[in-house]
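See below for the structure under consideration.
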Amino acid sequence: MKLLKLAAAAVIGAALLPTVQLSPAAAESDDMPVLKADINGDYLINSQDMVLMSKYLLGSGELTAEQAERADFDGDGVIDTFDLLGMRKIYVRNATVAPQGTWIGSSSDSTRYFWFNKGREGSFADISDSSSTAFSMSKWGDGIDFTLPSGDELSSTIAWLDTGHFYLKWSGSEPELFTYKSDVPFDKGPFLKGEYVSDAGNTYKLGSYSGTCGDEEISVLPMGTKAQFISSDGTAKTGDFSRMDKNHFTLKWNDGTAENFTRREITVKDGITYVNGILIANKTYALPSTYAPGGLTAEFNTAFAKMQAAAKADGRSLSICSGYRSYSYQSQLYNNYVARDGKAKADTYSARPGHSEHQTGLAADINYASDYFNTTPEAKWLAENCYKYGFIIRYPKGKDDITGYKYEAWHVRYLGEEDAKLVYDSGLTLEEYLCIDSKYSY
Ligand SMILES: [Zn+2]
């Protein structure tokens, strides 16, 4: 997986924290911001640098051009005692200041999120996987030791560039550049994981900390009620998260626009299409001719009996006038309609074989499969109550273009109580709720 590279981290730093000063010479050479006062260039600020500096100031040592640039702490073109004072400031800062908040750590082979709390504990996560590891840390001078739950200890030395950047030089390893992101823990953010489509026309596959937007790899930084998406070129946008239900959320981006996300995970098993686990048969998604439950499913029948009893208690009489239909029966039915009304007209009210919801064993027509039913008290009762028993009115009024069928007050689809209530509460058709369409491709 291609990860956010150091160059990108430097761009983020420059974009979000205008205080950081990147030395042009250093940026060209290795993309790592120059650590002022780190005279020998080992990403540590220690006695070795002090010795080099002191010797130079005393006239008993030479500095290379590169070393001289790092030694010129205040950047006035002269190496003098003011630079030594600046060096001492960093020295003191490294010994006394521990990082706090959420930081992004970048090295040539990884990008990691770190959370440091005030109590010297925290966690880190490699954005290429979803796991995060807790740690406790102890700070001794500029040394920081991390203890992992496994008991392993990792030693590092901190060197601050400015308030928004520091290096950790891991013992026996290369330096990792840290860039400040937030005072909110990165792993307490909204739950975004899954496959989504958005009304901005984007398709997302999101993990805990990374993902894709179309073909582009992105890093995902969840923080409290916000989430930040970081592109591979380093640009980032932050959104306020709000969830509508388990399949829908919105990110209100900091530029004022909002993007609505619909979870859409399409799986095909034995030729049968499921969207977020819901079996789908419509004009886009067909069932194989071999799919034959033989009748309405046990779940359908149990739920229908419950609904029928509730309706009866309200003085309404519900019965099934058409339940399961096999592929071959639907085929006969459709062909008869085509012979009578023509293909175009037949397609508005009858499904082509394989496309009928009646083949699922999860759908049925109640009382009368005709417009006469619409005016009965039973139609009103069904529309208002069927969701409580796990059913939806599958083809609502005025949604012909979306469902592919004209209004059918009598046709109910069993989804189970949880999903039926979610669809009912959303006020959407099943197609809109799942962000799928219903159109013949042939
Ligand atoms: Zn029907």
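No lab work stands behind these numbers, since they all come straight from the coordinates. Just so it is clear, the structure is predicted and the values come from calculations on it, not from any experiment. Every residue, glycine among them, receives a Cβ derived from its backbone with ideal geometry; neighbour counts consider all protein chains shown.
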Can you tell me the order of 320-326, 271-277 when each peptide is scored by its average per-residue count of other Cβ atoms within 10 angstrom, highest first? 320-326, 271-277
Just the ratio, please: alpha-carbon radius of gyration of region 239-328 over 2.2 N^0.38 Å, N its number of residues. 1.62
Please report how many Lys pairs in region 189-263 have alpha carbons closer than 12 angstrom, counting only residues at least 8 apart along the chain or sitting on separate chains. 5
Which far-off residues, 5 or more places away or on another chain, put their amide H under 5 Å from the one on GLU408, with H placed in the peptide plane? TYR395
List the pair-distance distribution P(r) of region 294-339, using every Cα-Cα distance, as the percent of pairs falling in each 5 Å bin from 0 up to the bin containing the longest distance, rounded to whole percents. 5, 18, 18, 18, 13, 12, 11, 5, 1
For the chain, place one equal point scatterer on every Cα, skip the solvent, and apply the Debye formula. What is log10 of I(q)/I(0) at q = 0.11 Å⁻¹? -0.88
Would you mind checking LYS188/LYS306; LYS36/LYS118; LYS269/LYS399 for any pair whose Cα atoms are more than 31 angstrom apart? LYS188/LYS306
Using the Cα centre as the reference, give the magnitude of the dipole from point charges on the C-beta atoms of the chain (Lys, Arg: +1; Asp, Glu: -1; all else neutral), rounded to the nearest 20 debye. 2340 debye
Taking the Cα atoms of region 264-407, what is the range of coordinates along each of the three principal axes, in descending order and whole Å? 40, 35, 28
Percentage, to the nearest whole number, of Cα pairs in region 221-269 over 17 Å apart: 44 percent
For region 129-185, the spread of Cα positions along each principal axis, largest first, Å: 33, 26, 20
Can you give me the long-range amide H partners of ASN254? Hydrogens built in the peptide plane at 1.01 Å from N, cutoff under 5 Å, separation of 5 or more residues or another chain. THR238
Taking the Cβ-Cβ separation of ARG88 and THR235 as r and a Förster radius of 41 Å, what is the calculated FRET efficiency to the nearest 0.05? 0.65
Label-point separation (nm) for THR257 and ARG340, each offset 7 Å from Cα along Cα-to-Cβ? 5.0 nm
Specify whether the C-alpha gyration tensor of region 180-334 places it in the rounded, prolate or oblate class, a ≥ b ≥ c being the square roots of the eigenvalues: rounded for a/c under 1.5, otherwise prolate if a/b is larger than b/c and oblate if not. prolate
Per q in 0.15, 0.18, 0.19 Å⁻¹, report the Debye log10 I(q)/I(0) for region 57-139, using one uniform scatterer on each alpha carbon and no solvent. -0.76, -0.85, -0.87
